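Written out below as structure tokens is the structure these notes cover.
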Amino acid sequence: MMVISVGCDGTYSDPLQTPTSEHPDVVLGHLLGKTLAGRHLLLALDPGASLVLDLKALLGGRGEAAISSSSSSSVSLLDAHHPDPFLQSARAEFLRGGHYVAVLAFTSSPDLLLDSLTERWNPDYLVLLSLNSAVNTTRLLMDERIQRSRHIALLETDSAVLEQDRTLLEKYEMLLDEDGSLLENSGTLLDQDKALLEEDMTLLEKNRLSLKKSGMLLELNTVLPKYVKTSLKQNLKSTRFNKSFQEGRYRVFTSQPFTPHGRGWGVKLPLGAWREGSNFSDFSALFPERFPTLGGQTLYLGSWCDDFPFLYPGGGGDGDDGGDHGDGGHDDGHGDRGHGEGDDGYGGGDGDGVHGDGDDGDGDHGDGGHGNGGGDGDGGHGDGGVGDGDEGSCIGCGLDLLDMLAGPLNFTYHVQMEPKDHNWGSKNEEDGRWTGMLGDLVYHNKHLVINTFQVIEALVAEFDICYPYHMEDYEFLLSVPPPAPQWKGLLYPLKAEMWGAVLAMTCLVVLLLTSCLTLFPDTQDPSTVFLLVVGAEVRQSVPERLGRWWGRVWVGWWWLGCVIITTAYTCNLVAFLTVPVFPRRIETVQELAASGLRVCMQDYGSFVPDALKDSPHDPDLQHLGQNFDLFPYVYLRYDVGLSWLADYTHALIETHSYLAYIVRLHHVSHSTYVMKETVYPGYMSWVLKKNTPYTSRLSVALAHLVESGLVHYLYLKHMDSSSSPNTGAATQTSKVSAGGALQMGQMLGAFMVWGLGVGVASLALAVEFLLLPRLHRHPQQSP
């Protein structure tokens with residue numbers, strides 16, 4: 001066992017004293033050495049606990065209360081009276097998560113330690129050991145910094161109550177003796193007053209008021225000792241009667257603020273007596289689930305009902321006004337309770353309870369009731385309501401998932417149609433405040449955000465996230481480029497470099513064959529070699545013949561190569577004459593940046609514009625960010641952005657799912673396409689306030705739905721529901737059917753070649769007509 005001391009000095013008890021089973025050393029020894037065996041421990045002690053506990057015996061391996069040397073991997077000691085040096089320099093695993101079990105032993109309210117805790121503090125397992133029953137542990141459990149932990153165990157001593165009763169009894173006996181003396185003194189004073197009254201009647205009148213007061217004091221002093229004596233006797237009897245219970249010393253509690261207990265809630269829920277740890281030797285017995293259900297609470301969503309397919313408007317609902325949803329609530333009779341965030345309590349009001357009246361706190365719904373049963377409460381849970389008094393309803397696979405969890409976890413929820421600032425949610429770099437739905441979560445008492453938010457570093461640092469349930473990325477939508485001119489159809493079968501190679505080879509073969517025939521004469525006239533070579537390319541025979549075998553072999557291989565090339569050209573020509581030819585599409589970010597197109601997006605406060613601009617390591621993304629245009633947000637109105645696409649000036653960026661919805665809704669699937677390369681891929685998650693204690697409960701439940709395939713099923717269900725027959729019909733009618741008759745435009749290239757040939761022949765005719773008379777005037781003389 002490794003012991004790390006962090007500014008904590010222990011004062012040790014008498015080594016000859018043998019602790020009893022109820023001694024704090026024995027209790028802590030059983031706790032650390034058995035229940036928490038094998039765990040890394042962070043042990044925080046206040047000065048009083050350092051005096052009461054024998055740390056040398058506990059950590060040094062002496063006595064019955066000692067921790068076994070192999071029971072835990074490490075024990076780190078923290079001085080709860082001076083915690084700042086450690087809290088400011090400690091690594092995250094000391095303060096958050098389940099790597100360490102935090103144990104806090106105290107004899108007075110640990111306000112100094114709590115005030116030093118920041119948002120970094122959130123251990124999964126927290127043990128509170130109260131060594132003084134005078135400490136208000138109920139109030140301590142209500143503290144938000146304590147409630148952060150996923151599991152809480154409180155061990156509270158009852159022995160101090162007995163000692164307090166005995167001390168009070170002694171004090172009351174002393175007061176009784178003093179009251180008796182005061183009673184005798186009052187009688188003497190009364191006799192003196194009577195004598196004075198007989199001597200001086202005038203003084204009697206003046207002191208009449210004083211006499212009445214003295215009489216009242218006399219009666220009070222006569223009655224009070226009797227009442228105190230009776231009360232002390234009853235208290236002593238009660239103490240002796242409960243002696244067997246008080247000897248149990250320690251009792252174990254947990255905190256389940258959403259579990260009904262008695263006439264309130266289980267903020268301090270008893271688990272049983274300690275009994276030398278026999279009841280809590282198992283780790284899970286000491287740390288039961290704090291949130292088996294949410295107790296019929298209403299979760300207020302920071303949402304925007306324009307996030308297909310997760311949240312989007314549907315048909316009118318049954319609810320009159322509103323968005324309390326959930327199928328599993330139970331009418332627990334606590335409709336008057338609010339759960340605001342009071343100054344002192346974890347819940348609302350003045351800190352007297354986790355679920356106070358909310359009069360003094362910043363509670364989300366104060367005194368407002370909510371029906372937790374089948375719609376019988378004041379709030380109801382109309383299945384189609386959408387909150388905030390808006391008409392219509394909000395549907396989507398995100399709400400379907402909440403409906404599935406609402407029954408087992410016993411909660412309802414309220415949907416917000418849109419955030420007040422009409423921003424999606426990001427951090428303002430100027431003032432550091434969050435906007436949009438995340439701002440509602442932080443500043444406007446919302447509990448949960450289920451819209452599209454990807455798991456990024458900034459989000460994890462300042463919020464709680466649930467189990468990732470879906471993956472989304474941002475895609476670029478571009479207009480399909482117009483088809484190439486049909487009159488170029490004769491050129492499309494071969495690439496430009498292929499045309500260049502054919503032309504170069506033709507010239508080379510003509511030049512070489514002419515040179516060879518000039519050096520080595522044959523029956524073939526060298527001046528007609530051009531017709532012989534080109535005839536092979538157009539598959540036309542010529543009357544010329546070669547007499548030598550070397551010339552025949554050369555021309556034969558040339559003809560074979562021309563047959564292969566012309567056959568491939570003819571086959572490709574059929575396809576290019578019948579099907580429209582489109583230019584090469586833009587498929588990568590690099591090509592998009594080089595194309596000169598700008599990027600556009602609807603202005604709803606997304607992080608994308610700023611993220612693109614702030615991309616120093618990717619010049620292509622940075623270039624797109626510098627050429628970014630926003631158009632005003634109007635629900636489902638993308639006319640401006642789509643018109644820019646139709647003008648071939650912009651590319652539209654949006655999430656994959658929502659972009660598919662926009663394409664179907666506006667019937668532009670035949671005229672647009674999605675670029676292959678995407679940006680900002682990431683997993684989506686539900687978002688809660690930082691250090692929300694029931695985050696893990698929702699996360700585990702959501703993980704079960706993901707692993708069962710229900711999340712993917714619901715996602716596809718809503719994606720398919722957006723397809724309409726009209727959309728498919730529009731796509732089908734725009735397709736070109738194969739096998740139809742050739743049109744004039746498709747054969748325009750052939751007519752152009754024909755026209756070009758007629759023009760060249762006419763030019764040759766004109767040249768011959770002009771030169772022929774001169775040839776007749778000057779006939780060539782034979783030698």
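Of note:
- Failed condition for Leu16, given (1) modelled with pLDDT of 50 or more; (2) in a loop (DSSP other than H, G, I, E, B); (3) of a type outside the set (Val, Ile, Thr): (1)
- Residue in the range 263-291 that is modelled with the lowest pLDDT, counting only those that are out of contact with any strand residue (DSSP E or B) (no Cβ under 7 Å at 6 or more places or on another chain) and within 20 Å of Ser699 (Cβ to Cβ): Ser284
- Residue that is farthest from the chain's Cα centre (by Cα) [pool: residues in the range 31-43 that are assigned to a helix (DSSP H, G or I) and within 11 Å of Leu58 (Cβ to Cβ)]: Gly33
- Just one of the listed residues (Ala703, Ala651) is in contact with a Cys (Cβ under 9 Å, 6 or more places away or on another chain) and either at positive phi or assigned to a strand (DSSP E or B) (or both), namely Ala651.
- Across the range 555-613, the number of residues qualifying as aliphatic (A, V, I, L, M), within 17 Å of Ala484 (Cβ to Cβ) and at pLDDT 90 or above comes to 1.
- Flag for Val599 being touching a helix residue (DSSP H, G or I) at 6+ places or on another chain (Cβ under 8 Å) and of a type outside the set (Lys, Arg): yes
- Looking only at residues in the range 127-154 that are assigned to a loop (DSSP other than H, G, I, E, B) and not polar (S, T, N, Q), the one that is nearest to Pro47 (Cα to Cα) is Leu131.
The values are calculated or read from the model by the stated rules, or taken from the named source; none is laboratory data. Here the structure is a predicted model, which means the values were calculated and not measured. Virtual Cβ from ideal backbone geometry, glycine too; neighbours counted across all protein chains shown.
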